[in-house]
Amino acid sequence: MYVNVAVLKETQAHERRVLPKVTTAGGTIGPAKVLVMGLGVAGLEAVATAHRLGAMVEGYDVRPDTAGQIASLGAKFVATGVDATGKGGYARALTPAETTKIDAVLTTHIQQADLIITTAAIPGHRSPRLISKAQVAGMKMGSVIVDLSAEGGGNCEASVPGETVRVGGVSIAAPLNVPSCLPADASALYARNVFNLLALMLKDNVITIDWQDDILAQTAITHAGKRVTPKATTPQKAA
């Protein structure tokens, strides 16, 4: 939801062309090319939004199983031949050889795009670098990058968290705290998450922890006076 707001806001402010194909008395304008990098929840929302607005959309992720997900949204998956699927649904770190292989494929798509939206983030870690300064230097005049991973430092090497900068002819927006653009809706969704987490801990309104539940076992930090490590499934009982 907040992805829609950020994309629309930054695109309206910096994009120099319309997204959909437009036919006029003066001729036809082809659809803008949009590349979404990072196909988690936010990335898929960005793909869906860009497609609804009439753009020609491509998506990329180091996890090949996301190809079917964006195909269902009307977009094309950029395959690099690298599978970096990691634990917990997130991507693992890339080897230097894998990075080189990916860059060789992505550079053409990056430099053909009118609008790039990056959303790749790993909780507790720095946002992965997806776009280098060299790739930005080869982009088309007037193209735009919306870096939605600025909280973790950004997916684009040229991003400045919290600012919009211009590098050559490319505008790079790296907004912070994007959910605050929709405070009422963001608060409602956060409250629902908290409610659902607490519901897992309660049975007949009494706190009852099921240590076989993966969410609770991985969420707990301490229990009964003992520290619980993330890998532990059953904490030690207090003496």
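The values are calculated or read from the model by the stated rules, or taken from the named source; none is laboratory data. Because the structure is predicted, anything quoted here is derived from the model rather than measured. Neighbour counts are summed over all protein chains in view; Cβ atoms, including those assigned to glycine, are modelled from backbone coordinates with ideal geometry.
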Among residues of the stretch 179-226, those that are of a type outside the set (F, W, Y), without any contact (Cβ under 8 Å) to a residue 40 or more places away in the chain and in a helix (DSSP H, G or I), counted: 21
Residue that is surrounded by the most Cβ atoms within 10 Å (Cβ to Cβ) [pool: residues in the stretch 160-182 that are among the small types (G, A, S), in contact with a helix residue (DSSP H, G or I) (Cβ under 7 Å, 6 or more places away or on another chain) and under 18 Å from R17 (Cα atoms)]: A173
Any strands (runs of 3 or more DSSP E) falling wholly within the stretch 134-178 and containing at least 2 residues that are farther than 14 Å from M37 by Cβ: 164-167, 170-173
Filter result for D61 (out of contact with any Asp or Glu (no Cβ under 9 Å at 6 or more places or on another chain) and surrounded by 19 or more Cβ atoms within 10 Å (Cβ to Cβ)): yes
Residues of the stretch 86-119 satisfying the condition of being touching a residue at least 12 places away in the same chain (Cβ under 8 Å), farther than 27 Å from P179 by Cα and not in a helix (DSSP H, G or I): L94
Strands (runs of 3 or more DSSP E) lying entirely in the stretch 1-40 (those with 3 or more residues that are within 24 Å of the chain's Cα centre (by Cα) and at pLDDT 80 or above): 33-37
Failed condition for A238, given (1) at pLDDT below 85; (2) in the same structural domain as V146 (by TED's automatic domain parsing); (3) of a type outside the set (S, T, Y): (2)
Lone qualifier among V82, V78 - being within 19 Å of T100 (Cα to Cα), at pLDDT 95 or above and not small (G, A, S): V78
Check on A120, assigned by TED's automatic domain parsing to the domain that holds L35, buried (at least 19 other Cβ atoms within 10 Å of the Cβ) and within 13 Å of the chain's Cα centre (by Cα): yes
Residues within the stretch 86-108 that are crowded, with 18+ Cβ neighbours inside 10 Å and either at pLDDT 95 or above or more than 20 Å from E45 (Cα to Cα) (or both), tallied: 2
Subset of the stretch 67-85 (residues that are in a helix (DSSP H, G or I) and either surrounded by 12 or more Cβ atoms within 10 Å (Cβ to Cβ) or in contact with a helix residue (DSSP H, G or I) (Cβ under 7 Å, 6 or more places away or on another chain) (or both)): A67, Q69, I70, A71
Some residue of the stretch 193-204 being modelled with pLDDT of 90 or more, within 20 Å of the chain's Cα centre (by Cα) and assigned by TED's automatic domain parsing to the domain that holds G124: no
